[in-house]
Amino acid sequence: NVYFTAGHPDKESTIPLIHALTRNGVDLIEVGLPYSDPLADGTTIQDSSQKALDNGITLEHIFGQVREARKTSQIPIILMGYYNQVLQYGVERFLDACVEAGIDALIIPDLPMDEYESEYQNEFENRNIGISFLITPETIDKRILQADRLSTAFIYIVSKSSITGAAQQLNATQLAYFDRINSLGLKTPRLIGFGIHDCDSYQEACRHANGAIIGSAFIRVLENAENIEERVSSFLRTIR
């Protein structure tokens, strides 16, 4: 499973990236919505987000690109963005645009679960748009169980208490955290993200969950890529 920022490295990269990832056997694509203040993201994704904004990418453009890619690709596509982006666009209008474009689910890291449940759950369910909530090493069991109850796509397990992109091997503390989550008997599929950057970290994460998401490491290999298909293919070979 792979994350990239829409509009990076070029404004029109989204469609060729979706097609290349589909052809190379990725199970799920997470498309990041560029934002000026991405709270959960490290330097690599922040820089890609700023470059995408400088390239002139907009939400309308992204929805159009996904809609175009959907003509030939049925791979699950998740949009990752921030609550303020959705509010500014208009929640119902945003969800309707997701339906029209063929978006399967959303990740909104700063949307509180309680607010989702009281204000928006019906809007999502009526449109068959899934949602994934994040849990971290600090999340108490009660909140993990709430995330399990409310998440309709997968639970996003943040591997450590930090921003995205820090490329370190998974340590004993993190593995114990994964074991704690697994001991709760959750019903929702679980994907691990943040710091997954090579074959070893990807394989280790997959041993403790249903899969893993690679973001910053993938974005770095896209820099100055003259041939996206070739760059995607070669990077995924190193992970597998």
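The values are calculated or read from the model by the stated rules, or taken from the named source; none is laboratory data. If you're wondering where the values come from, they're calculated on a predicted model, not measured in any experiment. FYI the Cβ positions are ideal-geometry reconstructions off the backbone, even for glycines, and counts take in every protein chain you see. For the accessible areas, the whole protein counts, side chains as well, though only heavy atoms, and no ligand, DNA or RNA atoms are used. Shrake-Rupley method; radii C 1.70, N 1.55, O 1.52, S 1.80 Å.
Total residues in the stretch 7-42 satisfying the condition of being closer than 20 Å to Tyr156 by Cα and out of contact with any Phe, Trp or Tyr (no Cβ under 9 Å at 6 or more places or on another chain): the figure is 3. Just to be sure, is Thr139 in contact with a strand residue (DSSP E or B) (Cβ under 8 Å, 6 or more places away or on another chain) and either assigned to a loop (DSSP other than H, G, I, E, B) or surrounded by fewer than 17 Cβ atoms within 10 Å (Cβ to Cβ) (or both)? Answer is no for this residue. In summary, helices (runs of 4 or more DSSP H) completely within the stretch 1-107 and bearing 3 or more residues that are closer than 30 Å to Ser118 by Cα, open to solvent by 10 Å² or more (accessible area, probe 1.4 Å) and acidic (Asp, Glu) occur at 91-101.
Looking across Val221, Val232, one residue alone is without any contact (Cβ under 8 Å) to a residue 24 or more places away in the chain and in a helix (DSSP H, G or I). It is Val221.
Report yes if Thr72 is in contact (Cβ under 8 Å) with a residue 24 or more places away in the chain, of a type in the set (S, T, N, Q) and within 21 Å of Val158 (Cα to Cα), otherwise no. For Thr72, the condition - in contact (Cβ under 8 Å) with a residue 24 or more places away in the chain, of a type in the set (S, T, N, Q) and within 21 Å of Val158 (Cα to Cα) - is not met. Restricting attention to the stretch 3-50, the residues that are at positive phi and touching a residue at least 60 places away in the same chain (Cβ under 8 Å) add up to 1. Look at Asn227 and say whether it is open to solvent by 70 Å² or more (accessible area, probe 1.4 Å) and in contact with a Pro (Cβ under 9 Å, 6 or more places away or on another chain). So Asn227 does not fit the description; no.
Restrict the check to the stretch 211-222 and report whether at least one residue is open to solvent by 40 Å² or more (accessible area, probe 1.4 Å), over 19 Å from Val31 (Cβ atoms) and of a type outside the set (A, V, I, L, M). Within the stretch 211-222, none of the residues are open to solvent by 40 Å² or more (accessible area, probe 1.4 Å), over 19 Å from Val31 (Cβ atoms) and of a type outside the set (A, V, I, L, M). Looking across the stretch 198-207 at every residue that is in contact with a Ser or Thr (Cβ under 9 Å, 6 or more places away or on another chain) and crowded, with 20+ Cβ neighbours inside 10 Å, the one that is farthest from Ala105 (Cα to Cα) is identified as Ser201. Selection over the stretch 194-211 of residues that are over 18 Å from Gly130 (Cα atoms) and touching a residue at least 40 places away in the same chain (Cβ under 8 Å) gives a count of 4.
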